[in-house]
1. Could you grab me the full set of residues in region 94-119 that are touching a Lys or Arg at 6+ places or on another chain (Cβ under 6 Å), buried (at least 16 other Cβ atoms within 10 Å of the Cβ) and farther than 14 Å from Phe69 by Cβ?
2. Every residue in region 41-58 that is over 11 Å from Lys107 (Cβ atoms) and over 18 Å from the mean Cα position of the chain (by Cα), please.
3. Within region 1-58, how many residues are modelled with pLDDT of 90 or more and among the acidic types (Asp, Glu)?
4. Under 7 Å by Cβ, and 6 or more places apart or on different chains, what pairs join a residue from region 81-96 that is on the phi > 0 side of the Ramachandran plot with one that is outside any loop (DSSP other than H, G, I, E, B) and surrounded by fewer than 18 Cβ atoms within 10 Å (Cβ to Cβ)?
5. Filter region 99-120 down to residues that are at pLDDT 75 or above and in contact with a Ser or Thr (Cβ under 6 Å, 6 or more places away or on another chain) and give me whichever is nearest to Gly27 (Cα to Cα).
6. Give region 63-82 a look and list any residue that's touching a Pro at 6+ places or on another chain (Cβ under 8 Å) and surrounded by 14 or more Cβ atoms within 10 Å (Cβ to Cβ), or say none.
7. Among (1) within 19 Å of Val117 (Cα to Cα); (2) outside any strand (DSSP E or B); (3) within 21 Å of the chain's Cα centre (by Cα), where does Leu79 come up short?
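The values are calculated or read from the model by the stated rules, or taken from the named source; none is laboratory data. In this text, all values refer to a predicted model and were calculated from it rather than measured experimentally. With ideal geometry, Cβ positions are generated from the backbone for all residues, glycine too; neighbour counts draw on all protein chains shown.
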Amino acid sequence: MKVKKAGIAALLVYLLAGQALAQEFRGRVQGVVSDPGGGVVPGATVALKNDHTGVGINRESNSEGRYFFDYVDPGTYTLTIELAGFKTAVQKNIIVAQRGDVTVDMKLEIGSLSETVTVSESPVAVQFNTASRDLTLDKQMVVDLPSATRNPWQLALLDPTVAIRWRCAKSRIQRRDSGVKCNGCMA
């Protein structure tokens, strides 16, 4: 009997472990480094630096000119790309949201490393690499959005993954199912 209970417990831990892994909050930044003619640039040094903490990560573009930064904490970043024979390219104001997937393709210009091309506008915030839809409510949105009650539950309904189930006082079954549902989880 103890062996059977231990087996069931082990099975539950195994099945629920997948749910725990799905709680990742970090995002990723990726893209392709190309030359003025559109050809890919392998071997370029790509640096991603968090503007608030100053923490940076370095990668090298692969043979297809692609670079990839995984497990990036949410925040604002600066991307710097360097390679001999090309001007240093800098993209500022890259905003990585929770579970964000940001693509920043960079085109290097021919020149010396001492010359720098800096783009200070944010890259397009469209996430081409995922079918998921996310919304992060920051403090400025809460202040700017019109709301009669300033109830955070009402603002949560702006996220397309949030659904609300209203209570019905006459039915016990519906009362148990009421609440806010976000990405399939009840809150």
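1. Val117
2. Pro42, Gly43, Ala44, Thr45, Val46, Gly54, Asn58
3. 2
4. Qualifying pairs under 7 Å: Gly85/Ile110; Asn93/Thr76.
5. Across region 99-120, the extreme among qualifying residues is Asp101.
6. Passing the criteria: only Gly65.
7. All conditions are met except number (2).
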